[in-house]
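This report refers to the structure that appears directly beneath it.
The values are calculated or read from the model by the stated rules, or taken from the named source; none is laboratory data. From a predicted model like this one, the values you see are computed outputs, not experimental measurements. Note that we place each Cβ from the backbone using ideal geometry, even for glycine, and neighbour counts take in every protein chain shown.
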Amino acid sequence: MSTYLAASGRYEKMIYRRCGRSGIQLPALSLGLWHNFGGVDSYENCRAMLRRAFDLGITHFDLANNYGPPPGSAEETFGRALHADLATYRDELIISTKAGYQMWPGPYGEWGSRKYLLASLDQSLKRMGLPYVDIFYSHRPDPQTPLEETMSALDQAVRSGKALYAGISNYDPEQSARALRILRQLGTPCLIHQDSLFVRAPEQGLLDLLGVEGVGAIVFSPLAQGLLTDRYAAGVQNNSRAARGVFLKAGDVEARASQVAALKQIANARGQSLAQMALAWVLRQPAVASALIGASRVEQIEENYKALAKLSFSADELSHIDRIVLASETARS
Ligand code: NDP
């Protein structure tokens with residue numbers, strides 16, 4: 001039996017933003033379980049982060065079939081913690097999962113077929129011990145499968161009651177426009193689009209499209225996997241993502257060091273940490289419903305939450321940030 005009782009003031013300070021033209025509001029900060037919630041990680045630490053997040057009003061937890069390692073284990077961890085601590089709060093939570101990347105061997109274990117998506121959703125529900133998720137995403141577009149088939153699988157997931165809403169992730173503006181049209185025709189409008197803003201591509205057309213279509217945007221990796229924080233101020237520590245070197249490399253830390261130092265100065269002048277300013281920066285876009293963070297410890301979630309105290313920017317700050325970020329992008333291209 002859990003002894004956990006959620007904080008009674010959890011809804012007092014969190015900001016909730018409407019997700020497109022829908023009935024759903026999302027917390028300005030959501031928590032993703034891509035890293036640090038796998039079978040290889042400390043369950044008690046995962047559990048503590050989930051509890052603390054919920055106590056702070058973070059009601060949205062984002063998963064995918066392949067999160068771990070090993071793949072699938074983040075859903076198992078989440079299911080275990082949910083049933084231990086959060087089961088009585090299920091109706092206060094938005095839980096999402098996705099399918100698109102490789103999950104099992106053979107031709108039906110990845111991409112965007114109806115066969116894969118619906119089988120994967122069943123597996124995800126089993127791992128989490130849930131009858132339904134709130135959002136089911138196509139994790140990436142599949143160039144080989146007709147978009148109609150992928151979207152009709154999302155529609156089917158919603159009609160079967162195994163998902164309440166459909167979402168798409170990593171679809172470019174043109175693919176998104178087609179996907180949104182098909183979903184609307186099927187009668188299951190797309191709730192949400194998940195993408196990254198640190199690479200500036202989504203600002204080039206995608207956010208406008210989502211605004212017009214009434215689809216909410218949720219921004220993943222708003223801290224650039226930890227680069228836009230003080231995580232690497234003293235170099236690459238053993239327990240960090242860059243030390244594992246799979247998705248973020250020590251070379252990335254080095255390449256971004258001067259840019260990060262310049263951004264930190266602006267953040268500090270605003271009275272914020274770099275992480276807090278980076279979160280405020282993605283949230284400045286009205287089409288963005290939520291910034292989807294990751295964390296490896298409770299203190300990171302607490303620091304990030306304090307970003308909500310200052311979300312506005314002066315025009316000078318924004319152009320200064322652009323100069324730093326865009327100068328470095330020009331240097332790379
Ligand atoms: P972030 O950019 O928020 O990076 C999170 C990492 O930054 C943490 O794991 C931690 O690194 C570090 N960090 C966070 N806060 C602090 C802090 N205050 N001080 C110092 N370091 C900090 O996001 P993620 O890349 O983790 O992505 C977030 C979520 O987005 C994922 O869990 C997933 O749900 C979703 N996502 C979706 C994708 C898609 O294709 N749809 C792709 C990528 C992500 P460390 O672990 O080293 O301590």
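Checked against the criterion of being closer than 30 Å to Leu263 by Cα and either within 14 Å of the ligand (Cβ to nearest atom) or at pLDDT 95 or above (or both), the candidates Ala163, Ala201, Ala119, Ala153 yield just one match: Ala201.
Scanning segment 42-66 for residues that are touching a Lys or Arg at 6+ places or on another chain (Cβ under 9 Å) and hydroxyl-bearing (Ser, Thr, Tyr), we see that the one that is farthest from the ligand (Cβ to nearest atom) is Tyr43.
Being surrounded by fewer than 18 Cβ atoms within 10 Å (Cβ to Cβ) and not in a loop (DSSP other than H, G, I, E, B): is that true of Asp195 here? Spelling it out, it is not the case that Asp195 is surrounded by fewer than 18 Cβ atoms within 10 Å (Cβ to Cβ) and not in a loop (DSSP other than H, G, I, E, B).
Answer yes or no as to whether Gly211 is small (Gly, Ala, Ser) and in a loop (DSSP other than H, G, I, E, B). In short, no. Would you mind finding the one in Gly23, Gly38 that is at pLDDT 95 or above, surrounded by fewer than 22 Cβ atoms within 10 Å (Cβ to Cβ), assigned to a loop (DSSP other than H, G, I, E, B) and within 13 Å of the ligand (Cβ to nearest atom)? Of Gly23, Gly38, the one residue that is at pLDDT 95 or above, surrounded by fewer than 22 Cβ atoms within 10 Å (Cβ to Cβ), assigned to a loop (DSSP other than H, G, I, E, B) and within 13 Å of the ligand (Cβ to nearest atom) is Gly38.
Can you find a residue in segment 161-168 that is buried (at least 23 other Cβ atoms within 10 Å of the Cβ) and more than 30 Å from Gln300 (Cβ to Cβ)? Within segment 161-168 (the criterion being buried (at least 23 other Cβ atoms within 10 Å of the Cβ) and more than 30 Å from Gln300 (Cβ to Cβ)), the answer is yes, since at least one residue qualifies.
Residue-wise test of (1) over 18 Å from Ile218 (Cα atoms); (2) touching a Cys at 6+ places or on another chain (Cβ under 6 Å); (3) not in a helix (DSSP H, G or I).
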{"residue": "Asp91", "(1), (2), (3)": "yes, no, no"}
{"residue": "Gly106", "(1), (2), (3)": "yes, no, yes"}
{"residue": "Gly112", "(1), (2), (3)": "yes, no, yes"}
{"residue": "Tyr116", "(1), (2), (3)": "yes, no, no"}
{"residue": "Arg127", "(1), (2), (3)": "yes, no, no"}
{"residue": "Leu130", "(1), (2), (3)": "yes, no, yes"}
{"residue": "Pro141", "(1), (2), (3)": "no, no, yes"}
{"residue": "Gln156", "(1), (2), (3)": "yes, no, no"}
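Whether any residue in segment 96-110 is within 13 Å of the ligand (Cβ to nearest atom), aromatic (Phe, Trp, Tyr) and touching a helix residue (DSSP H, G or I) at 6+ places or on another chain (Cβ under 7 Å) is what I want to check. The answer is no, given that none of the residues of segment 96-110 is within 13 Å of the ligand (Cβ to nearest atom), aromatic (Phe, Trp, Tyr) and touching a helix residue (DSSP H, G or I) at 6+ places or on another chain (Cβ under 7 Å). Residues that are surrounded by 19 or more Cβ atoms within 10 Å (Cβ to Cβ) and within 16 Å of Gln144 (Cα to Cα) within segment 74-112 comprise Ala99, Gly100, Glu110, Trp111, Gly112, listed in sequence order. I need the full set of residues from segment 214-228 which are part of a loop (DSSP other than H, G, I, E, B) and not hydrophobic (A, V, I, L, M, F, W, C), in order please. Across segment 214-228, the qualifying residues are Gly214, Ser221, Pro222. Among the residues making up segment 229-285, those that are part of a helix (DSSP H, G or I), within 10 Å of the ligand (Cβ to nearest atom) and out of contact with any strand residue (DSSP E or B) (no Cβ under 6 Å at 6 or more places or on another chain) are Arg241, Ala242, Ala243, Arg244, Leu274, Ala275, Gln276, Ala278. If the Cβ limit is 7 Å and pairs must be 6+ apart or interchain, which residue in segment 293-307 that is in a strand (DSSP E or B) pairs with which residue that is within 8 Å of the ligand (Cβ to nearest atom)? Taking only residues 6 or more apart or on different chains, the pairs are Ile293/Leu31; Ile293/Gly32; Ile293/Pro222; Ile293/Leu223; Ile293/Asn304.
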